[in-house]
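Input: a single structure, listed below in structure tokens.
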Amino acid sequence: MATPIIFAALGGLLSERSGVINIALEGHMLLGAFAGASVALVSQSAWLGWISAGLAGMILAAVYSYFVIELESEPVVAGTAINLLMIGGIPLASKRLFDTTGATPSLLAEVRFSYEPILMALMVALLIHFWLSQTSSGLWVSFAGRRPEALAPQGISLRRVRWGSVLLWYSRCLGRCHP
């Protein structure tokens, strides 16, 4: 039951480390849960549901990042707006798709995960710890939050580090994310 919270906390950790306050995590979780449940129900695949949940959360994180990083909106206001939009939008979409506002229909027991998500969450937590403490790009994330002015002389884009931290794709580009 704690697995979605672990993933959201890891996303929040990266956002906060890079200097971006992200109180929209609940909105990301709501959209991810709805997208994941809907795709898993239609495809009868928990793996496709899990992937779509992550992608939906990432798309919403991109919207949040655009407002906060690019337009320099107040993060608390943008996060609250996203949370409220998801709190109202998910039941509306659920009503249209499944004729219920409480929850999506349940998956068959043989299609559901058993222990895999918690193992993935623990593995990702360990990888993020290693990345933040042992790699140069992980240290950039810390500098982006604590001393953003230290990145520019090194030719490292503060915007890219923050975008990547909020979207969680930054670990894929490691040392190649220069301006």
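The numbers here are math on the coordinates, done by the rules we state, and not lab data. Source: prediction; values computed, not measured. A quick note on method: Cβ atoms are made from the backbone with ideal geometry, for glycine too, and the neighbour counts reach across all protein chains shown.
Please state the charge dipole magnitude for segment 3-176, taken about the Cα centre, from unit charges on C-beta atoms (+1 on K and R, -1 on D and E), reported in debye and rounded to the nearest 20.
360
Label points 7 Å out from Cα along the Cβ direction at residue 9 and residue 124: separation in nm?
For the pair residue 9/residue 124, the computed spacing is 1.3 nm.
For the chain, report the convex hull volume of the alpha-carbon atoms normalised per residue, in Å³, without decimals.
With only Cα atoms used, the chain gives 113 Å³ per residue.
Going through segment 95-145, which chymotrypsin sites (Phe, Trp or Tyr not before Pro) have at most 13 other Cβ atoms within 10 Å and a DSSP loop state?
115
Which is the longest part of the chain that has none of the GluC sites (Glu not before Pro) sitting in a DSSP loop with at most 14 other Cβ atoms within 10 Å?
Within the chain, the longest run free of exposed GluC sites (Glu not before Pro) spans 1-71.
Once the other residues with Cβ under 15 Å from the Cβ of residue 36 are scored (Lys, Arg +1; Asp, Glu -1), what is the net sum?
Its environment carries a net charge of 0.
Treat each spin label as a single point 7 Å out from the Cα along the C-beta direction, and report the residue 107 to residue 139 distance in nm.
Inter-label distance under the simple model: 4.1 nm.
Report ³J(HN,Hα) in whole Hz for each residue of segment 28-44, in order, from the Karplus equation J = 6.51 cos²θ - 1.76 cosθ + 1.60 where θ = phi - 60°; Gly and Pro get x.
Calculated HN-Hα couplings, in order: 4, 5, 5, 5, x, 5, 5, 5, x, 5, 5, 5, 4, 5, 5, 8, 6 Hz.
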